[in-house]
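S.K.: Handing you a structure now.
The values are calculated or read from the model by the stated rules, or taken from the named source; none is laboratory data. On a predicted model such as this, the values are computed, not experimentally measured, just so you know. Backbone-built Cβ (ideal geometry, glycine too); neighbour counts: all protein chains shown. Only protein heavy atoms, including side chains, enter the accessible area calculation; ligands, DNA and RNA are left aside. Shrake-Rupley method; radii C 1.70, N 1.55, O 1.52, S 1.80 Å.
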Amino acid sequence: QVQLVESGGGLVQPGGSLRLSCAASTSFFSIYHMGWYRQAPGNQRELVATITNGGKTNYADSVKGRFTISRDNAKNTVYLQMNSLNPDDTAVYYCNAAQMLRTYWGQGTQVTVSS
């Protein structure tokens, strides 16, 4: 079982930045493919960004050029740097860890972009 704990969410003005962190409780963090997803009220959960265990990244079109996913295997942590935020980015952001048939989710952290 892997526990994921997100942090770094909050209220930010349009055009601002936030960095989300997700700490994983596993000694085998490096083998997991990691991802960030988000869910806005009334919407389905959607992919934001992923990073493989080899460091290959993938982004939703809506965040390309604004968000950056990274990982620090020594700290068992994955990050999401979010720049140029706009109100459409408002959602609960979830961390995901996946390996083979196993997938784990964090509890989510709220990001609100508003003036």
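S.K.: Could you check region 7-41 and list, in sequence order, the residues that are closer than 15 Å to residue 88 by Cβ and either modelled with pLDDT of 95 or more or polar (S, T, N, Q) (or both)?
M.R.: Selection gives 12, 13, 14, 15, 16, 18, 38, 39, 40.
S.K.: Could you tell me which of the residues 2, 63 is under 18 Å from residue 107 (Cβ atoms) and in contact with a helix residue (DSSP H, G or I) (Cβ under 9 Å, 6 or more places away or on another chain)?
M.R.: Numbers: 63 fails: under 18 Å from residue 107 (Cβ atoms).
Selected residue: 2, the only one of 2, 63 that is under 18 Å from residue 107 (Cβ atoms) and in contact with a helix residue (DSSP H, G or I) (Cβ under 9 Å, 6 or more places away or on another chain).
S.K.: To continue, here is another question. Suppose we filter region 22-79 for residues that are in contact with a strand residue (DSSP E or B) (Cβ under 7 Å, 6 or more places away or on another chain), part of a strand (DSSP E or B) and not hydrophobic (A, V, I, L, M, F, W, C); how many remain?
M.R.: The qualifying residues number 15.
S.K.: Yes or no: residue 35 touching a residue at least 40 places away in the same chain (Cβ under 8 Å) and in contact with a Leu (Cβ under 6 Å, 6 or more places away or on another chain)?
M.R.: Here the answer is no, as residue 35 does not meet what is asked.
S.K.: Could you list, in sequence order, all residues of region 56-115 that are hydrophobic (A, V, I, L, M, F, W, C) and either over 26 Å from residue 15 (Cα atoms) or open to solvent by 60 Å² or more (accessible area, probe 1.4 Å) (or both)?
M.R.: If the condition is that a residue be hydrophobic (A, V, I, L, M, F, W, C) and either over 26 Å from residue 15 (Cα atoms) or open to solvent by 60 Å² or more (accessible area, probe 1.4 Å) (or both), then 74, 97, 98, 100, 101, 105 are the ones that fit.
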